[in-house]
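The values are calculated or read from the model by the stated rules, or taken from the named source; none is laboratory data. If you're wondering where the values come from, they're calculated on a predicted model, not measured in any experiment. Glycine also receives a Cβ, built like all others from the backbone with ideal geometry; neighbour counts cover every protein chain displayed. Just so you know, the surface numbers come from the protein's heavy atoms only, side chains and all, with ligands and any DNA or RNA stripped out. Shrake-Rupley method; radii C 1.70, N 1.55, O 1.52, S 1.80 Å.
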Amino acid sequence: MIEGYGAVWEINDPDFETDTSQEFKVVFDVKDGPESNTELNRNINTVARFLNMHAQSGIPTAQLKAALIVHGTAARNLLSDDAHKARYKVENPNRELVEELLSAGVEIIMCGQSSKTRDLPKEDLIPGVKIALSAMTANIQLQNQGYRPIKL
């Protein structure tokens, strides 16, 4: 589903079989970003791995529902190239991955509290990224909608 990101291994004949009739609704909570401003956030890449491994295993894409909530030091990984370059002198190494995830239907949500604390206004974010009141609020709402949390 996400070409160029989220490399996975095919698992033949697993002992714990994957029920391909289920809906897989997951919310990833990512607060840690890499130390380097030139490095891909491996936790965001895990969202691509989730999609790729399940699609590879025969889960129809309509049954894969993923959301990504970003806060803390990972918040800067949602900056547009221009905003990232203005702050860190390099383009955002995560931009293409974030855009691919958005194109695949992943809802990407920035914590509003992190946005304000870290001075990352909406106009500096990659188009399509949403801002919530807080990461906590978004997590509660998505879990109330049946999403299962995975904290990275």
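General remarks:
- When the solvent-accessible area of the chain is split by element, carbon and sulfur atoms take up 47 percent of it, the probe being 1.4 Å.
- Given the chain, longest segment not containing exposed loop GluC sites (Glu not before Pro) (DSSP; at most 15 other Cβ within 10 Å): 40-152
- Applying the Karplus relation 6.51 cos²θ - 1.76 cosθ + 1.60 with θ = phi - 60° to segment 8-24 yields 3J(HN,Hα) values of 9, 9, 7, 10, 8, 6, x, 5, 9, 6, 8, 7, 6, 8, 6, 8, 10 Hz, where x marks Gly and Pro.
- Length added when fully stretched, ILE150-GLN22, from 0.36 nm per residue minus Cα-Cα: 44.3 nm
- Excluding ligands, DNA and RNA, the accessible surface per residue across the chain is 57 Å² with a 1.4 Å probe.
- Per-residue extension of 0.36 nm, minus the Cα-Cα distance of ALA7 and ILE140, leaves a gain of 44.9 nm for this segment.
- In sequence order, calculated HN-Hα J values of segment 30-43 (Karplus, 6.51, -1.76, 1.60; Hz; x Gly/Pro): 10, 10, 9, x, x, 5, 7, 7, 10, 9, 5, 6, 5, 6
- Bridge type composition, the chain - antiparallel percent by DSSP, nearest 5: 5
- Placing dummy labels 7 Å off each Cα toward the beta-carbon, the span from ASP15 to LYS89 is 5.2 nm.
- With Cα atoms defining each centre, segment 94-152 and segment 15-59 are spaced 15 Å apart in the structure.
- Only the Cβ atoms of Lys and Arg (+1) and of Asp and Glu (-1) were treated as charged; on that basis the dipole of the chain about its Cα centre amounts to roughly 700 debye.
- Residue-wise HN-Hα coupling along segment 98-109, computed from phi with Karplus coefficients 6.51, -1.76, 1.60 (Hz; x: Gly, Pro): 4, 5, 5, 5, 4, 5, 7, x, 6, 7, 10, 10
- Tally of Lys pairs whose C-alpha atoms are under 18 Å apart, taken over the chain, 8 or more apart or cross-chain: 11
- Of the residues GLY112, ASN92, GLY58, the one whose Cα sits farthest towards the positive end of the charge dipole of segment 49-138 is GLY112 (charges of +1 on Lys and Arg Cβ, -1 on Asp and Glu Cβ, taken about the Cα centre).
- Expected 222 nm ellipticity per residue - DSSP helices of 4 or more, -39500 (n - 2.57), all of the chain, to 500: -9000 deg cm²/dmol
- Cα→Cβ-extended label distance, 7 Å offset, between GLU123 and LEU102, nm: 1.7
- With loop membership from DSSP and a limit of 16 other Cβ atoms within 10 Å, the longest segment of the chain without chymotrypsin sites (Phe, Trp or Tyr not before Pro) is 17-152.
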